[in-house]
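Structure record follows, encoded as structure tokens.
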Amino acid sequence: MGKRRILVQWIGHSDLRAMAATLPAAKRTEILNKLKGPQPQEGDRGPTKTLLETQDFDEVRLLSNYAADWNKQFLSWLGGKAHLVKVTLKKPTDYAAIFKIADDELAAIRKRKDGPNSELCLHLSPGTPAMAAVWLLLGKTRYPATFYETYGGESWITDVRFDLTVDVIPEIFRDPDVYLQHLASESPAQVEGFTEIAGDSRAIRDAVGRAKRAAMRGVSILLLGETGTRKDMFAKAIHLASPRRERPFRAINCAALSKSLLESELFGHVKGAFTGADHPRVGAFEEAHGGTLFLDEVGECDFETQAKLLRVLQPVTDEGASIRMIRRLGDDKDRKVDVRVIAATNNDLHKSIRDGSFREDLYYRLASLAITLPPLRERKSDIPKIAGKLLAQINKQFAAEEPNYKHKSLSASANEFVKKHTWPGNVRQLYNALVQAAVLTDGENIGHQELAASIGELCESSGSLAGVMDRPLGDGLDLEEHLNDIRRNYLRRAMEEARGIKVKAARLLGMKNYQTFDAQLKRLEVDGEWSPRD
């Protein structure tokens, strides 16, 4: 059984002029005077009636912003069954309003029970050029469609030989200096979907700006970055910022599953496909139909799984970048799904390609757009905000579990500590440190010592030199203040080790003069929770 063919189009002036030519003189004059434009030619049927008389459709949906009595007369004149969708449109050249009306209509069709098994047909001829442009944009991206045109009593399928998401958008993204330099203009808090991402540094603004643009398209995205940079959070943010936000978001950790289990998780299986497959199973690609599939740690996939992913990511001709053909394990037939793929890895995939452990062709299928998430050491100014947001989440979680829990906050010295520490494990390490500190702190104030203890002396000492030497240029760097921070760190450590005895602390730092040490403590405003004090 073939797919149901659903035609969606606007009613245009040329349709109503053709109808008016068949009406009594008074009504004909009323319509033509309001429409203006050329007089209808004898025998002219208009684009809509021409298409319906020359092509077969199972359902016809006509968008109209004309008066109710005109709409009623037009449906009667068509003679066939058509559903009229009355809309409000003040200007027929308002792209934003046209886009919203068209997008709402096509989205409603897609969400219907028969939506996945229907062929969407869009008629370009009626209406304004703006309406035709919007149909082209939507029909070549979000809602793959067949396009029709009519002229002189004939109709035909228009073959639009380009794909915006494959041929145009990736080319734009390849030169960020020219095309994307404006993307850092908004902080994450201002971007829909990304409000959970804390910070305001140039590095995070740039990453969010790229992700925001990519979210609106169906292109595959590859998230790169060190362990702990929260690529999973970024993937969910892209989904929430996209037109797919109301559809499923499915995440698979490719490193956590064996080859056989991973293939079953991704593609599903039929009953009897392998030992233990007692029931058929729907895979992640099918579960995420209409939405987003996040492949975390994709760099850990074995070569056989890479080959199967490459096959699935191969674009289906003329049907959009997110249309996939998948096959369940043990099955002999393909299934069509509409899934945007976001992948992530902390591996150097270019190195993996060179050493033969990762397919180069798969890399380019995954990375229609690549976004690198900055490590914490490249966004020092963001760390106090991130720590504050994480601690608020921890407080909320602990309070729900423990009625008498005291909400924790970071002391001034703790805030200095989180900003200066290198955090080689990035946000994940910062979160774990805050959890441990919140557990170990009796009062309401988390100090520098609690955080240092939660990280461990080995982690602190091994990362300190790298943090000092690798501090990125820009991002608010003040060299003199940075050097003072180093001095404060050593002064504070000396006081902690000397248990607050300044003479001993001065000797630990190689200072022969106690007064020099005391003067530096005061000048740099170093204080702490050591005791006893001199």
Reach of K408 by Cα under 19 Å, taken over aspartates and glutamates that are not fewer than 8 positions away in the same chain: E416, D442, E444, E450, E529
Taking the Cα centre of the chain as origin and charging only Cβ (+1 Lys, Arg; -1 Asp, Glu), how large is the dipole, in debye to the nearest 20? 880 debye
Inter-probe distance in nm under a simple model that places probes 7 Å from Cα toward Cβ, at D69 and V316: 4.7 nm
Along each of its three principal axes, how wide is the spread of alpha-carbon positions in the chain, in whole angstrom units, largest first? 109, 62, 50
Given charges at Cβ of Lys, Arg, Asp, Glu: the range 196-310 dipole, positive-most of L266, I252, I197: I197
Charge dipole of the chain built from unit charges on the beta carbon (Lys, Arg +1; Asp, Glu -1), centred at mean Cα; most positive-end Cα among P126, L78, Q429 is L78
Which entries in K86/K336; K236/K420; K140/K351; K271/K336; K36/K140; K406/K502 show an alpha-carbon gap greater than 25 Å? K86/K336; K236/K420; K140/K351; K36/K140; K406/K502
Can you give the extra length, in nm with one decimal, that the chain gains between T29 and E525 once fully stretched, where that is 0.36 nm per residue apart less the Cα-Cα distance? 169.8 nm
Ranked from fewest to most other Cβ atoms within 10 Å of their own Cβ, W423, W77 fall in the order W77, W423
Rough spin-label spacing in nm, given labels placed 7 Å along Cα→Cβ, for T146 and R5: 0.5 nm
Reachable aspartates and glutamates from K100, Cα under 19 Å, same-chain residues fewer than 8 places away excluded? E192, E246
Suppose the chain between D104 and A130 were pulled fully straight at 0.36 nm per residue; how much longer would it get relative to their current alpha carbon spacing? 7.7 nm
Want the number for S76 to K113: 0.36 nm per residue separation, take away the alpha-carbon distance, what's left? 10.4 nm
When H421, H482, H289 are arranged by how many other beta-carbons sit within 10 Å of their Cβ, fewest first, they go H482, H289, H421
Based on the mean of other beta carbon atoms within 10 Å per residue, what is the order of 414-420, 514-520, most packed first? 414-420, 514-520
Suppose each label sits 7 Å from its Cα in the direction of the beta carbon; what would the R354-K504 distance come out to in nanometres? 5.2 nm
DSSP loop (so not H, G, I, E, B), at most 13 other Cβ within 10 Å: list which trypsin sites (Lys or Arg not before Pro) in the range 17-97 pass both filters. K36, K81, K90
Where does the chain land at 222 nm, in deg cm²/dmol rounded to the nearest 500, when only DSSP H runs of n ≥ 4 count, each adding -39500 (n - 2.57), divided by all residues? -13000 deg cm²/dmol
Between T22 and E186, what's the calculated FRET efficiency when r is the beta-carbon distance and R0 is 56 Å? Round to 0.05. 0.55
For the range 303-461 the translational diffusion coefficient, Stokes-Einstein from a Kirkwood Rh over Cα pairs at 4 °C and viscosity 1.567 mPa s, in µm²/s, is roughly 66 µm²/s
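Exposure proxy check: R112, R492 ranked by fewest other beta carbons within 10 Å? Intermediate values should be presented prior to the final figure.
On the way: R112 11, R492 21.
With the fewest neighbours first, R112, R492 line up as R112, R492.
Here, each number is a calculation from the coordinates, and none is a lab measurement. None of the values given here were measured: they were computed from a predicted structure. Quick reminder, even Gly has a Cβ in these numbers, built from the backbone with ideal geometry, and neighbours come from all protein chains shown.
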